[in-house]
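See below for the structure under consideration.
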Amino acid sequence: MADTITDRFWKTMREYRSAVVLLLGLEAVLLVLLLVALWLQPSESASRTVLVADFVLVGVGFLGAVYVLYRCRQYRPVD
């Protein structure tokens, strides 16, 4: 049976799982640094708005990496 596009995609993602783990670690460090920077900024600061936006963007990337790792772990190719 021919592989579907979904099967090929998840096979490729499983090959790059170590890179996704590295990305997850990097994003975790960035989230911690952003939290520290948010804590140190005064609440009226304009840079706080930028930090919140950065926190949201990095958080979305973190959750995306977690999802990819979860799906790679759950993936079972159809025979």
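Quick notes on this one:
- Taking the criterion of being β-branched (V, I, T) and more than 18 Å from the chain's Cα centre (by Cα), the residues of the stretch 18-53 that qualify are V36, T49, V50.
- Taking the criterion of being open to solvent by 40 Å² or more (accessible area, probe 1.4 Å) and either in contact with a Ser or Thr (Cβ under 8 Å, 6 or more places away or on another chain) or not aliphatic (A, V, I, L, M) (or both), the residues of the stretch 1-24 that qualify are D3, T4, T6, R8, F9, K11, T12, R14, E15, Y16, R17, S18.
- Some residue of the stretch 40-51 being surrounded by 14 or more Cβ atoms within 10 Å (Cβ to Cβ), in contact with a helix residue (DSSP H, G or I) (Cβ under 7 Å, 6 or more places away or on another chain), in contact (Cβ under 8 Å) with a residue 24 or more places away in the chain and not polar (S, T, N, Q): no
The values are calculated or read from the model by the stated rules, or taken from the named source; none is laboratory data. From a predicted model like this one, the values you see are computed outputs, not experimental measurements. Every residue, glycine as well, gets a Cβ built from its backbone with ideal geometry; the counts of neighbours run over all protein chains shown. Heavy atoms of the whole protein, side chains included, go into the accessibility calculation; ligands, DNA and RNA do not. Shrake-Rupley method; radii C 1.70, N 1.55, O 1.52, S 1.80 Å.
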